[in-house]
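Here is the structure we will look at, set down as structure tokens.
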Amino acid sequence: MDQKFISSEAIQNLLDRASGMGGVGGDDRLQGITRELLEALFRVLAKYEVTDSELWDAIKYFQEGIGEIGLIVPGIGLEHYMDLLNDERDRLAGRDGGTPRTIEGPLYVAGAPLVEGDVNLTSDPDDTENFYMSGQVTGPDGEPVKDVILHVWHANSKGFYSHFDPTGEQTEFNNRRRIKLGDDGRYSFHSKMPSGYSVPPQGATEKLMNALGRHGNRPAHVHFFIEAPGYRTLTTQINFGDDPFAHDDFAFGTREGLLPVPNRQGNSVTVGFDFELQRATAESEEEFSSRTRASV
Ligand SMILES: [Fe+2]
């Protein structure tokens, strides 16, 4: 279809009216965003000769797949795009350094036990290797960060997270803890080695990945939030550098600087990893994003 159709007065009028432009009241920025999103969508519908049935099939896909929106968002690269966008905003503001941020994913649960010392994360039996991780949280000048709360969560050896396990086998907060660090910023914990996982079979995310000729696998990984007064809260994860999907993560969560290769010896898998936080320049940077999260 001729793209001049989109520029026609009838379509431009429709876009103005649909986004509330030219009327009284409404939020200017939201009107602008709505108009540009709608115009991009209208263009795609015209360019690809999308039929009524295809449009309604797409709407049905989102109606039925909304429960997996937390997987679809990283799967289509949107969550990683926000990391890249925030990196670029930092670069333009002259802020760099520190451990790279990367996607949170949809499986954090608030309220995990707050513990200290050399911590065991795993409450449930799991017949797999033991995982050991330790290191230090420092600031931009190498100073140990005080009063750190390190939130850590990961899957079990079947690739399932507690609170989201379809087998119902895991107890509350298995492989989830908040660790309160001492003044030296050092942490150490051990657990049962997580496995990588794939999106739920026959679910909305898998349907989309299949249709795009992609897969829905993630390498084995461990998630972190690191918060401390005066520092910017870091959302990140380490992915095991020797995992077959280390460089082919469907969720785009793997990043240079976050792919340590573990030391594997017998039944033990060990990673040493130091985190470097940026200083906060506003109080809001010490908080978490307003994302909806599960809590207990
Ligand atoms: Fe994960």
- Yes/no for Phe189 being surrounded by 15 or more Cβ atoms within 10 Å (Cβ to Cβ) and within 16 Å of the ligand (Cβ to nearest atom): no
- Query: Quick one: would you say Phe252 is in contact with a helix residue (DSSP H, G or I) (Cβ under 7 Å, 6 or more places away or on another chain) and closer than 23 Å to His151 by Cβ?
  - Reply: yes
- Message: Just to be sure before I move on: is His151 on the phi > 0 side of the Ramachandran plot and either within 16 Å of the ligand (Cβ to nearest atom) or not assigned by TED's automatic domain parsing to the domain that holds Val271 (or both) in the structure I sent?
- Response: no
- Any idea how many residues of the stretch 224-268 are farther than 19 Å from Met133 by Cβ and within 16 Å of the ligand (Cβ to nearest atom)? 6
- Message: Suppose we filter the stretch 248-265 for residues that are over 14 Å from the mean Cα position of the chain (by Cα) and touching a residue at least 12 places away in the same chain (Cβ under 8 Å); how many remain?
- Response: 8
- Task: Quickly run through the stretch 220-234 and pick out the residues that are surrounded by fewer than 21 Cβ atoms within 10 Å (Cβ to Cβ) and touching a Lys or Arg at 6+ places or on another chain (Cβ under 9 Å).
- Result: Phe225, Pro229, Gly230
- Query: If you go through the stretch 163-171 one residue at a time, do you hit one that is in contact (Cβ under 8 Å) with a residue 12 or more places away in the chain and small (Gly, Ala, Ser)?
  - Reply: no
- Restricting attention to the stretch 154-172, does a residue exist that is within 12 Å of the ligand (Cβ to nearest atom), buried (at least 22 other Cβ atoms within 10 Å of the Cβ), hydrophobic (A, V, I, L, M, F, W, C) and at pLDDT 95 or above? yes
- Please verify whether the stretch 267-280 includes one or more residues that are surrounded by fewer than 18 Cβ atoms within 10 Å (Cβ to Cβ), of a type in the set (Val, Ile, Thr) and touching a residue at least 24 places away in the same chain (Cβ under 8 Å). yes
- Query: Would it be correct to say that Asn217 is over 21 Å from Gly117 (Cα atoms), surrounded by 15 or more Cβ atoms within 10 Å (Cβ to Cβ), touching a Pro at 6+ places or on another chain (Cβ under 9 Å) and without any contact (Cβ under 8 Å) to a residue 24 or more places away in the chain?
  - Reply: no
- For the stretch 125-142, how many residues meet the condition of being of a type in the set (Val, Ile, Thr) and under 30 Å from Arg95 (Cβ atoms)? 2
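The values are calculated or read from the model by the stated rules, or taken from the named source; none is laboratory data. Everything quoted here is computed from the prediction, not taken from an experiment. Note: ideal-geometry Cβ built from the backbone for every residue, glycine included; neighbour counts use all protein chains shown.
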